[in-house]
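Asker: Below you'll find the structure I mean.
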Amino acid sequence: MKKILLSVATFIAGFLQMQAQAPNLVFSDIYAGTASGNSDFETAVLDYTNGDVIMAGATGNLNPSPFAVKTPYLNTNFVGKFNEVGANVWQSTIGAATVNQLAKDANNNIFAVGWAQGTGTSFDGTIYGNTGNNNLGSQNIFVAKYSPAGAILWVKVVGSGGDEFGTGITVDPAGDVYVTGHATSGAGIVDFEPGVAAATFTAGYKSFLVKLSNNGNYLWHKISPNGGYNAHAVCADANNVYWATQVSGTQNVNPTGPTWNAYSAGGYDILLLKYTKNGTLASVKTVGGTTNTDYARSLKVKDGKIVMTGVVAPGSSSQINMNGYAEVPVVNLTTSSLSKDGFVAVYDTLMNCQWAKPLGGATANDETFGAAFDNSGNVIAAGQFQGATNFNIGGTGTYTANSNGANPDYFYSSYSITSGECNWVYKQGGTALDRAADVAVDVDGRIWAAGYINNGSTGNDMFLNKHFCASVFTVSVDRNGYTAPMTTSSFGNSFDFIGCAGQSAVYTATASTNTDIKYSFFDINGVQSNGSVFTETLTASGYMNKGYKLLVKDSVTKCEQVFNVRYAQINDMSWFVLSYPFGSGPICPGDNKLLQGNSGAGYTYTWNPGNVVVPSPNTTIYVSPTVTTTYTATIYDGTPNNAGCYRSE
């Protein structure tokens, strides 16, 4: 087993040359699993409400430092809600499965898509099997809906006896759900709703788009003409749905209507399609290089703009027309590698490319995964890169980064939605492969990025980063009259105390500012206690179970800071043993008895009756009572941090 400590290996930031820095890093939480060589990973992050986020992934631990490992150990896949400081509020576990993407509706219900193994998959302990007339195989598509509290509302599991994967999901403003995925083997016959003939279709070695109602009822579907078995993405606005899949060669992409041919430049190219809400094809575009495989990882739409991320493999030429095969005007993307680069591109809703940027170095290990719109007219792309990389090719500023070691680091970067000019780049990484799997921006403008890091010895650990404006106040934390010095580590700023088992502790937070400051303490279970004063009573069991996050927020600017309030140890005083006559009755008149306790530096014994105070190392007194007397002792611990722990006997 891997021992979870209060800190883990620090991941070294590579050299960044840029004209502007990323927004202030409020915190970077690490969710370290429990097994040596574990493969924890995070696949999606979704902005939610009140500063919370929804995450999906797989881990053996849903609590960041300084919290203890959240038990029972999950060691499985999950969808979960995490609050403003990254503490887990609720989680819904999934058996042998992978959640690939998340979405939400206007009522804050959550939707997840991915793939599950075998003929039955446990969702929070309930087995969900065949949705309709399916022949479930080794990998099957699942779609699940959750309430805002994490309750499972419905699940569909669909397969054809081979391998099918659900890769993308979105919800339009009316609440309808769009799911995309692909089948790679088997008969390819899938059924999304029993008793509805149109819901059963053949998807073998093809990709598909399915529209469901908010309650999961089948509405319509589309199938790619052939091929298309890497990554697929979907987004929707009030009037249309946009689907990114793949095409190879010349194919009619409208088999149920007028012929509409799409062409690939070579290998598999990105096929970008626009449908009306009733499923009528409205526009087609193909994007890709002359060889190899190109695919989209993410599509997002907002205010008439579409952002697409993914991978392009240019092949024989370093330039790809991102406005489409043989289309004008030409919008060239100049890649750094002929084999594979990540990219970010922006289109209008007529499918005209506005600009595109390659995101990668000279290696074939670059890939862009998630994307988000911020609240200031920019788009943010997230992924991995390796080697020396210019994140602003074709732009006026220089925004370059180097990865650490021989494996990719994770990054996310911001671009003007109108010009494509790079605003900033944030990267982090160690010597093994690190990935930013997704990025989200909440209503106040906080940037959330999630993925995994690998320190090369203990495997992958999930991370969740939060960026927002920097606060300008200095915070101090007092516990029972003692103010701990603030320390800084890879987990941020911390205040460390010694706890006293069974005794109350009063924490008081103060900030040196005249603005309206709001304080919140969050405990191990994500429970929030608002206000600058927080009281708790410790138990004697395991100090690793104790730790708090303190969120300090300026209610005027909304800028915030997060601090760890941790226990370096919990002193339960149980090792203090008092000698005769304790446990053997009172002392009689005329007796001359020795009362003795453990010796040690920093301890003070107060004997009663008489209130005789004896500091260590001399912890003994002789007593000769004149009447029958029972003596008691209170032991105070005055060791470092003025813990003030005591025990009476």
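Asker: Output the number of the condition that Tyr268 fails; it satisfies all remaining conditions of (1) within 20 Å of Val171 (Cβ to Cβ); (2) in a strand (DSSP E or B); (3) not aliphatic (A, V, I, L, M).
Answerer: Of the numbered conditions (1) within 20 Å of Val171 (Cβ to Cβ); (2) in a strand (DSSP E or B); (3) not aliphatic (A, V, I, L, M), the odd one out for Tyr268 is (1).
Asker: Looking at Ala388, Ala364, Ala371, which one is closer than 22 Å to Phe463 by Cβ and out of contact with any Cys (no Cβ under 6 Å at 6 or more places or on another chain)?
Answerer: Exactly one residue qualifies, and that residue is Ala371.
Asker: Pull up the stretch 335-360, narrow it to residues that are surrounded by 24 or more Cβ atoms within 10 Å (Cβ to Cβ) and aromatic (Phe, Trp, Tyr), then point me to the one that is nearest to Lys305 (Cα to Cα).
Answerer: Restricting to residues being surrounded by 24 or more Cβ atoms within 10 Å (Cβ to Cβ) and aromatic (Phe, Trp, Tyr), the top hit is Tyr347.
Asker: Looking at the structure I just gave you, is Gly597 modelled with pLDDT under 75 and under 54 Å from the mean Cα position of the chain (by Cα)?
Answerer: When the stated conditions are applied, Gly597 passes them.
Asker: What about Asp124, is it open to solvent by 10 Å² or more (accessible area, probe 1.4 Å), within 19 Å of Ala449 (Cα to Cα), free of Cβ contacts under 8 Å to residues at least 40 places away in the same chain and in contact with a strand residue (DSSP E or B) (Cβ under 8 Å, 6 or more places away or on another chain)?
Answerer: Here the answer is no, as Asp124 does not meet what is asked.
Asker: Could you look through the stretch 475-525, keep only residues that are among the acidic types (Asp, Glu) and within 18 Å of Thr537 (Cβ to Cβ), and pick out the one that is modelled with the lowest pLDDT?
Answerer: In this case the residue turns out to be Asp523.
Asker: Working carefully through the options Asn618, Asn592, find the one that is of a type outside the set (D, E, K, R), modelled with pLDDT of 80 or more and open to solvent by 70 Å² or more (accessible area, probe 1.4 Å).
Answerer: So the residue among Asn618, Asn592 that is of a type outside the set (D, E, K, R), modelled with pLDDT of 80 or more and open to solvent by 70 Å² or more (accessible area, probe 1.4 Å) is Asn592.
Asker: Taking into account only those residues within the stretch 602-615 that are of a type outside the set (S, T, N, Q) and open to solvent by less than 40 Å² (accessible area, probe 1.4 Å), which is modelled with the lowest pLDDT?
Answerer: Checking each candidate, the answer is Gly602.
Asker: Moving on to the next point. Could you list, in sequence order, all residues of the stretch 373-397 that are closer than 22 Å to Val331 by Cβ and either in a loop (DSSP other than H, G, I, E, B) or open to solvent by 10 Å² or more (accessible area, probe 1.4 Å) (or both)?
Answerer: Phe373, Gly377, Asn378, Asn390, Phe391, Asn392, Ile393, Gly394, Gly395, Thr396, Gly397
Asker: Take Asn214 and tell me if it is surrounded by fewer than 24 Cβ atoms within 10 Å (Cβ to Cβ) and either farther than 20 Å from Tyr268 by Cβ or touching a Phe, Trp or Tyr at 6+ places or on another chain (Cβ under 6 Å) (or both).
Answerer: Against the criterion (surrounded by fewer than 24 Cβ atoms within 10 Å (Cβ to Cβ) and either farther than 20 Å from Tyr268 by Cβ or touching a Phe, Trp or Tyr at 6+ places or on another chain (Cβ under 6 Å) (or both)), Asn214 qualifies.
Asker: Out of Ala262, Ala203, which single residue is surrounded by 18 or more Cβ atoms within 10 Å (Cβ to Cβ) and closer than 24 Å to Gln319 by Cα?
Answerer: One residue alone meets the criteria, Ala262.
Asker: Within the group Ala244, Ala296, Ala265, Ala313, which residue is over 25 Å from Val379 (Cβ atoms) and out of contact with any Pro (no Cβ under 8 Å at 6 or more places or on another chain)?
Answerer: Ala265
Asker: Now, a different point. Condition first: in contact (Cβ under 8 Å) with a residue 60 or more places away in the chain and part of a strand (DSSP E or B). Now tell me which residues in the stretch 79-99 satisfy that.
Answerer: Val79, Gly80, Lys81, Phe82, Asn88, Val89, Trp90, Ser92
Asker: What number of residues within the stretch 287-301 satisfy the criterion of being open to solvent by less than 10 Å² (accessible area, probe 1.4 Å) and either farther than 11 Å from Ala313 by Cβ or in contact with a helix residue (DSSP H, G or I) (Cβ under 6 Å, 6 or more places away or on another chain) (or both)?
Answerer: 4
Asker: Go through the stretch 380-411 and give me each residue that's under 19 Å from the mean Cα position of the chain (by Cα) and farther than 20 Å from Thr431 by Cβ.
Answerer: If the condition is that a residue be under 19 Å from the mean Cα position of the chain (by Cα) and farther than 20 Å from Thr431 by Cβ, then Ile380, Ala381, Ala382 are the ones that fit.
The values are calculated or read from the model by the stated rules, or taken from the named source; none is laboratory data. No experiment lies behind these values; they were computed from the predicted model shown. Cβ: placed from backbone, ideal geometry, glycine included. Neighbour counts: every protein chain shown. Protein only, heavy atoms only, side chains kept; ligands, DNA and RNA dropped before computing areas. Shrake-Rupley method; radii C 1.70, N 1.55, O 1.52, S 1.80 Å.
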